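Written below as C-alpha cells is the structure these notes are about.
The values are calculated or read from the model by the stated rules, or taken from the named source; none is laboratory data. Quantities reported herein were computed from a predicted structural model and do not represent experimental measurements. Backbone-built Cβ (ideal geometry, glycine too); neighbour counts: all protein chains shown. Heads up: the accessible areas ignore ligands, DNA and RNA and are worked out on the full protein's heavy atoms, side chains in. Shrake-Rupley method; radii C 1.70, N 1.55, O 1.52, S 1.80 Å.
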Amino acid sequence: MVKYFLGQSVLRSSGDQVFTAFWQGYPNPYSKHVLTEDIVHREVTPDQKLLSRRLLTKTNRMPLWAERLFPANIAHSVYILEDSRVDPQNQTMTTFTWNINHAQLMVVEERCVYCVNSDNSGWTEIRREAWAFSSLFGISRAIQEFGLAWFKSNKTKTMKGFEYILAKLQGEAPSKTLVETAKEAKEKAKETALAATEKAKDLANKAATKQQQQQQQFV
C-alpha cells in the first residue's frame, strides 16, 4: 500500500523571483526543522537547463508510539536528497526529493513542478505530489499516515518560508545573503568574546586593586 498526496499552491510572484527564493530559502524563521544544506552537484546542460543536487538534513520527530518500537539511539535527523531542474526558457522548475536514511522504516518521495500560473502570468503555480511507502508488517498504514502528516506540516512551513524570502527579495524586508548572515554572526561572536575579555580584565583589575588596598591596611 502507498499513501498519495496531491496539492496545488500559488505564489503571487514571477518564476524568476520564485527560483531565486528557492535557492536563498535557508535560513528563514519557518525552516528551523532544516539543519543543514549542501549542494553536492551542479551543471548546466547544452540546452541551458540547470541541474542540481542538494543534501538536506532535517529534524525527524517520530510519534510517541513509534519511539517505543525502535531503538533509543535511532537517528533523530533525516537526510534528504533533492534533484532539481530549472528551465529558464519555459519558466519551469521541477524538483524530486526522497529520504536516504530510515528507508527501512519509511520512504517519502516528493515531486514538485513550478510553472507560470494560467490565470496570471506574473504568478507561479506549484503542483506538489508525494508518496509514502512503508513495508513494516502490521504498522505500515500508521507509518504512512504519519509520513504524510509530517510531509504536509513541512509543506506548510515551506510555503511560509517562500513568502518570507520573496518579501525580502521584493524589498518588504531587509535582504541578507547567507554569506552576509554568517559574517554578521561571526562578527557578533567576536564582539561578544571581546566584551567578555574586557569585562574579565576589568574584574581582575578591580580584584587586584582591592587586594592591594587590603594589604596596605595591614602594613
**Q.** Pairs, first over 18 Å from residue 163 (Cβ atoms) in segment 113-125, second charged (D, E, K, R), C-beta under 6 Å, six or more apart
**A.** 113/127; 115/125
Q: Test each condition in (1) among the charged types (D, E, K, R); (2) modelled with pLDDT of 90 or more; (3) assigned to a loop (DSSP other than H, G, I, E, B) for residue 61 and report the one that comes out false.
A: (2)
Q.
I'm trying to understand the selection: among the residues of segment 13-31, which are exposed (fewer than 13 other Cβ atoms within 10 Å of the Cβ) and assigned to a loop (DSSP other than H, G, I, E, B)?
A. 29
Q. Within segment 126-155, which residues are modelled with pLDDT of 85 or more and either assigned to a helix (DSSP H, G or I) or open to solvent by 70 Å² or more (accessible area, probe 1.4 Å) (or both)?
A. 127
Q: Only residues in segment 25-44 that are over 11 Å from residue 56 (Cα atoms) count as the first member; pair them with residues that are open to solvent by 90 Å² or more (accessible area, probe 1.4 Å) and not in a loop (DSSP other than H, G, I, E, B), Cβ under 7 angstrom, at least 6 apart or cross-chain, and list the lot.
A: 30/160
**Q.** Unique match (being in the same structural domain as residue 143 (by the TED database), modelled with pLDDT under 90 and of a type in the set (S, T, N, Q)) among 52, 13, 77
**A.** 77
Q: Could you figure out which of (1) at pLDDT below 90; (2) of a type in the set (A, V, I, L, M); (3) open to solvent by 40 Å² or more (accessible area, probe 1.4 Å) isn't true of residue 106?
A: (3)
